[in-house]
Ligand SMILES: Cc1cc2nc3c(=O)[nH]c(=O)nc-3n(C[C@H](O)[C@H](O)[C@H](O)COP(=O)(O)OP(=O)(O)OC[C@H]3O[C@@H](n4cnc5c(N)ncnc54)[C@H](O)[C@@H]3O)c2cc1C
């Protein structure tokens, strides 16, 4: 445990540095795992443009990946220091300088399973926002039963030739590299014939096709591999040992989803004394300009939801605090994933009910931009309990691997 006095002086240093280096324009900018914020990559978009300055300043400190080793572009901070940095960023309403599956999913997995060469090849590019990653797990006939996947990789000297089709690849059209599960031994038991491959999306034979969603957006794609040559050195972990790597990555993914949806108001702009966003919404739709909301049922539902969110946020914090440095998420990440995503769905259900008919706008006159965005976010939230493994599948994992119940 570090000396609290050291942490206090670290906090002061962070605060002073943020005051001096964070552009005013980025304060209050919203980020989300649904694409808001800076996701870096070979074709980055910085909105507002000062996000670029913000990212570069944080990259120079290693603070896009505060607790990763300095050798790989991280900040080398202890768990306690990283928490202080996170608190100071939140207090100053500063967004993460960089988001993405590189930092949250493949990066930690590379730290756990990568060779030294793989870590050096990939991690610094992730921390610098140079490469954007996507996830190639699901296939048209392999979602919950992921181990039944059929994309084939056949050895040809020091390469694999990959053929097959992935589906629901989030941001596949914007990503530079994909981490994919491929079948390398069709004769083995299904979990034992899988290899985890890192593939540059610019390799000949890789193509992506966006899929349009119920929300009207196309944040994910079909990814097709047609005789794609991938060097054997791009195998993460062992050949035919990819299932172990895949499960570890799912732990990181589920923690990311739980973090993202568990406390949806963290970092949001909130006027002093104006109440939460749900309360503001209720006032906007006629439930009273001040004092208690006039509809006691809505009042009760908002209070219940916000207490649940607060309790969940504290539980996540407690679990993080209890985790020693280097702790890796295990099957308990399924608990957080289920709860966080069900909470997020409840929040949007309630928001749409508060907005009444105005919460069902799709386009055209009669609805303002916020109302149209609300309808689309509500529809999008239906996918929260599917992505990263469905709630039913998480409950199976909790039953078997956390509670030890029989099959
Ligand atoms: C927004 C979003 C983003 C995504 N992004 C990605 C991505 O980037 N990369 C990627 O690889 N995949 C991604 N996915 C795919 C996601 O991982 C799969 O959709 C998910 O694993 C479920 O698979 P499926 O859609 O084939 O449904 P199925 O597996 O066909 O499931 C259908 C229904 O049956 C239930 N079910 C299935 N098996 C069981 C069981 N054993 N016990 C109880 N119930 C069961 C499920 O809970 C579900 O309700 C994304 C999905 C969404 C919605």
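In segment 194-216, the qualifying residues are those that are touching a helix residue (DSSP H, G or I) at 6+ places or on another chain (Cβ under 9 Å) and surrounded by 15 or more Cβ atoms within 10 Å (Cβ to Cβ), and the one that is farthest from residue 136 (Cα to Cα) is 215. A single member of 262, 241 is at pLDDT 90 or above and out of contact with any strand residue (DSSP E or B) (no Cβ under 6 Å at 6 or more places or on another chain), and it is 241.
Residues checked against (1) touching a strand residue (DSSP E or B) at 6+ places or on another chain (Cβ under 9 Å); (2) under 22 Å from residue 328 (Cβ atoms); (3) modelled with pLDDT of 95 or more:
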site	(1), (2), (3)
66	no, yes, yes
85	no, yes, yes
88	no, no, yes
133	yes, yes, yes
139	yes, no, yes
160	yes, no, yes
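Could you please let me know if residue 76 is out of contact with any strand residue (DSSP E or B) (no Cβ under 8 Å at 6 or more places or on another chain) and either modelled with pLDDT under 95 or surrounded by fewer than 18 Cβ atoms within 10 Å (Cβ to Cβ) (or both)? The answer is yes for residue 76. Would you confirm whether or not segment 50-57 contains a residue that is within 30 Å of residue 387 (Cα to Cα), out of contact with any helix residue (DSSP H, G or I) (no Cβ under 6 Å at 6 or more places or on another chain) and part of a loop (DSSP other than H, G, I, E, B)? Within segment 50-57, none of the residues are within 30 Å of residue 387 (Cα to Cα), out of contact with any helix residue (DSSP H, G or I) (no Cβ under 6 Å at 6 or more places or on another chain) and part of a loop (DSSP other than H, G, I, E, B). Residue 98 is checked against (1) modelled with pLDDT of 95 or more; (2) more than 22 Å from residue 388 (Cα to Cα) and fails just one. What number does that condition carry? In the conditions (1) modelled with pLDDT of 95 or more; (2) more than 22 Å from residue 388 (Cα to Cα), residue 98 misses (2) alone.
Counted as qualifying within segment 294-407 are the helices (runs of 4 or more DSSP H) with 2 or more residues that are within 14 Å of the ligand (Cβ to nearest atom) and within 27 Å of residue 217 (Cα to Cα), namely 333-355, 369-381, 391-397. Answer yes or no: is there a residue in segment 210-221 that is more than 22 Å from residue 253 (Cα to Cα) and at pLDDT 95 or above. Taking every residue of segment 210-221 in turn, none turns out to be more than 22 Å from residue 253 (Cα to Cα) and at pLDDT 95 or above. Looking at segment 162-182, is at least one residue in contact with a helix residue (DSSP H, G or I) (Cβ under 6 Å, 6 or more places away or on another chain) and either farther than 21 Å from residue 106 by Cα or surrounded by fewer than 17 Cβ atoms within 10 Å (Cβ to Cβ) (or both)? Scanning segment 162-182 turns up no residue that is in contact with a helix residue (DSSP H, G or I) (Cβ under 6 Å, 6 or more places away or on another chain) and either farther than 21 Å from residue 106 by Cα or surrounded by fewer than 17 Cβ atoms within 10 Å (Cβ to Cβ) (or both). Scanning segment 169-193 for residues that are assigned to a loop (DSSP other than H, G, I, E, B) and within 13 Å of the ligand (Cβ to nearest atom) yields a total of 5.
For segment 211-245, a residue qualifies if it is within 13 Å of the ligand (Cβ to nearest atom) and part of a strand (DSSP E or B), and the qualifying residues are 211, 220, 221, 222, 223.
The values are calculated or read from the model by the stated rules, or taken from the named source; none is laboratory data. What you see is a predicted model, and the numbers here were worked out from it, not measured in a lab. Cβ coordinates were reconstructed from backbone atoms using ideal geometry, including for glycine residues, and neighbour counts include every protein chain displayed.
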